[in-house]
Amino acid sequence: MQTPEQIRDRLLARFPGAGVTFVANPGASAQHSLLLAASEARAIAEFLRDDPELALDTCSNVTGVDWPEKEIVETIKKNVPDPAGGPDKVVEEKMKKTQPGCLEVIYHLYSMSRKQGPVVIRLRTGNRTDNVTLPSLTPVWRACDFQEREVYDLFGIVFAGHPDLRRILMWDGFKDHPMRKDYVDPDDFEWEPTPHDDVLERAKEHYPAAPVTAAPTASPTPEGKA
Amino acid sequence: MSDAPVITDSERDELRRHGIMLTSLGELAAWGRSKSVWPLQFGLACCAIEMISASMARFDIARFGSEVFRPSPRQADLLIVSGTVTKKMAPQVIRLWNQMPDPKYCIAMGACAISGGPFKQGYNVLKGIDRFIPVDIYIPGCPPRPEALLHGLIQLQEKIKSGAPTAGAQSARPGECVIPEFGAHDLEPSKDPAIWQPPVITRGTS
């Protein structure tokens with residue numbers, strides 16, 4: 001089995017100038033992946049499938065990730081010379097940067113014929129709002145069909161070239177994409193007998209206004225279901 | 001009925017010991033009805049597996065007269081909501097309920113059918129079927145064991161024998177319930193206020 005770095009080098013030799021980036025996984029599993037540019041993704045996918053050494057004939061899993069916009073604080077240390085002639089002072093400067101958000105789709109590929117895998121490839125959209133189209137890999141691996149529909153349903157990534165791109169879990173008239181980080185679910189928290197954390201905050205909005213003169217009592221006493 | 005001779009339960013038992021059985025037609029009908037509750041053959045999730053298990057030889061729901069699982073709601077008396085009711089499935093469940101003839105009974109089997117269970121805070125699960133359908137018997141458990149389902153069924157039989165009206169007849173929607181539409185963000189309506197109101201919780205001010 002070739003390592004992801006070797007596959008990247010082979011891809012760059014085969015597709016000069018193509019956007020293929022190695023994405024390291026720092027975790028214990030060390031399951032590194034390859035980030036592909038959307039424009040060449042279809043050609044690269046066909047190469048991965050048809051190449052006799054890799055023969056990645058099976059797509060076992062397609063999943064999505066939502067990367068919201070993130071503010072990063074970078075600390076830069078600077079040496080400022082002391083005007084009095086003493087040793088240099090170290091001044092820390094904090095730079096705030098906004099890392100743009102994107103949606104990502106991940107494919108896990110295996111080879112049944114050569115009994116090897118997985119090779120993990122990723123595609124990223126331009127942003128999270130209006131540039132969310134990625135090429136569909138269903139024409140390459142038929143198994144992606146339902147899973148790409150699920151990613152479309154729950155994350156809102158539009159797969160260009162998909163033969164039947166409809167919602168699969170939620171109904172057709174549904175407007176939201178529930179697996180996105182900024183999804184707000186409908187406000188039906190009026191009956192939460194044992195609320196905690198976020199649910200407690202949502203449930204509190206439905207609490208009746210507390211009487212002004214009431215003495216503080218012990219912990220909430222939820223009553224049984226009527 | 002008012003001028004009928006009053007017979008106490010102990011007198012009736014005494015007569016029964018001597019081979020004389022006294023009853024009324026209504027009581028007889030209720031007894032017969034309680035021993036032939038025909039459930040709708042209809043499962044939603046893992047609770048349905050327990051329901052199937054209850055109908056097979058080891059637990060044998062036939063001992064209680066409920067082995068005739070009907071594949072048509074027109075012939076069923078009992079809707080066992082056995083499992084997670086997703087928002088996408090909820091209108092179909094309510095439609096089945098509306099198609100059942102009166103008198104009809106509803107059992108909410110398992111945590112999901114009662115409240116949404118472990119999926120309560122999910123985006124796609126109804127937080128309890130009692131938001132749309134009046135429920136007679138709640139069976140807690142995740143999933144409830146077949147014995148629990150049989151216990152729930154016996155409780156329902158006691159209710160039928162006692163002559164108490166069904167939960168549906170007592171509710172604001174006897175017969176037909178509101179079938180929600182698929183909205184842009186949720187079911188519309190997301191609950192039927194005539195059937196379900198959040199129970200009042202008294203909480204401390206802290």
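The values are calculated or read from the model by the stated rules, or taken from the named source; none is laboratory data. Since the model is a prediction, treat every value here as computed from it, not as a measurement. In this analysis, Cβ positions are derived from the backbone assuming ideal geometry, glycine residues included, and neighbour counts consider all displayed protein chains.
Go through the range A:185-195 and count every residue that is more than 15 Å from residue B:122 (Cα to Cα) and more than 8 Å from chain B (Cβ to nearest Cβ).
Qualifying residue count for the region: 1.
Report whether or not residue B:147 is in contact (Cβ under 8 Å) with a residue 40 or more places away in the chain, part of a loop (DSSP other than H, G, I, E, B), away from chain A (no Cβ under 13 Å) and surrounded by fewer than 16 Cβ atoms within 10 Å (Cβ to Cβ).
No.
Just checking, how many residues over the range B:15-35 are basic (Lys, Arg) and surrounded by fewer than 11 Cβ atoms within 10 Å (Cβ to Cβ)?
Number satisfying all stated conditions: 1.
Going by what's in this entry, would residue A:142 be described as over 16 Å from residue A:64 (Cα atoms), in the same structural domain as residue A:55 (by TED's automatic domain parsing), of a type in the set (Lys, Arg) and more than 20 Å from the chain's Cα centre (by Cα)?
Yes; evaluated as a whole, the condition is true for this residue.
Only one of B:54, B:113, B:108 is within 30 Å of residue A:187 (Cβ to Cβ), out of contact with any Ser or Thr (no Cβ under 8 Å at 6 or more places or on another chain), among the aliphatic types (A, V, I, L, M) and outside any loop (DSSP other than H, G, I, E, B); which?
B:108 is the lone residue from the list that is within 30 Å of residue A:187 (Cβ to Cβ), out of contact with any Ser or Thr (no Cβ under 8 Å at 6 or more places or on another chain), among the aliphatic types (A, V, I, L, M) and outside any loop (DSSP other than H, G, I, E, B).
I'd like to verify a number: residues in the range A:181-226 that are at pLDDT below 80 and of a type in the set (D, E, K, R), how many?
Here the count works out to 2.
Scan the range B:118-139 for residues that are farther than 15 Å from residue B:79 by Cα and touching a strand residue (DSSP E or B) at 6+ places or on another chain (Cβ under 8 Å) and jot them down.
Selection gives B:119, B:124, B:125, B:126.
Restricting to the range B:154-174, count the residues that are surrounded by 13 or more Cβ atoms within 10 Å (Cβ to Cβ) and within 20 Å of residue B:93 (Cα to Cα).
7
When the residues of the range B:154-206 are narrowed to those that are of a type in the set (A, V, I, L, M) and outside any loop (DSSP other than H, G, I, E, B), which ends up nearest to the other protein chains (Cβ to nearest Cβ)? It would help to see each step written out before you state the result.
As a first pass, look at the range B:154-206 and keep what is of a type in the set (A, V, I, L, M): B:154, B:156, B:160, B:164, B:167, B:169, B:172, B:178-179, B:184, B:187, B:194-195, B:200-201.
Still in the running and outside any loop (DSSP other than H, G, I, E, B): B:154, B:156, B:160, B:167, B:169, B:187.
Working: B:154: 21, B:156: 18, B:160: 22, B:167: 12, B:169: 18, B:187: 9 Å.
Ranking the candidates gives B:187 first.
Is there any pair linking a residue in the range B:24-43 that is closer than 17 Å to residue B:137 by Cβ to one that is assigned to a helix (DSSP H, G or I) and not aromatic (Phe, Trp, Tyr), with Cβ under 6 Å and at least six apart or on different chains, and which?
B:30/B:160; B:30/B:161; B:33/B:160; B:34/B:157; B:34/B:160; B:34/B:161; B:40/B:73
Restricting attention to the range A:156-184, which residues are acidic (Asp, Glu), within 11 Å of chain B (Cβ to nearest Cβ) and exposed (fewer than 14 other Cβ atoms within 10 Å of the Cβ)?
The answer is A:172, and nothing else.
Looking at the range B:95-106, which of the residues that are touching a residue at least 60 places away in the same chain (Cβ under 8 Å) and touching a strand residue (DSSP E or B) at 6+ places or on another chain (Cβ under 8 Å) is surrounded by the fewest Cβ atoms within 10 Å (Cβ to Cβ)?
Within the range B:95-106, the match that is surrounded by the fewest Cβ atoms within 10 Å (Cβ to Cβ) is B:100.
If a residue has to be surrounded by fewer than 20 Cβ atoms within 10 Å (Cβ to Cβ) and in a strand (DSSP E or B) to count, how many in the range B:116-137 make the cut?
0
State the number of residues belonging to the range B:44-64 that are without any contact (Cβ under 8 Å) to a residue 12 or more places away in the chain and either under 17 Å from the mean Cα position of the chain (by Cα) or surrounded by 12 or more Cβ atoms within 10 Å (Cβ to Cβ) (or both).
Counting residues in the range B:44-64 that are without any contact (Cβ under 8 Å) to a residue 12 or more places away in the chain and either under 17 Å from the mean Cα position of the chain (by Cα) or surrounded by 12 or more Cβ atoms within 10 Å (Cβ to Cβ) (or both) gives 4.
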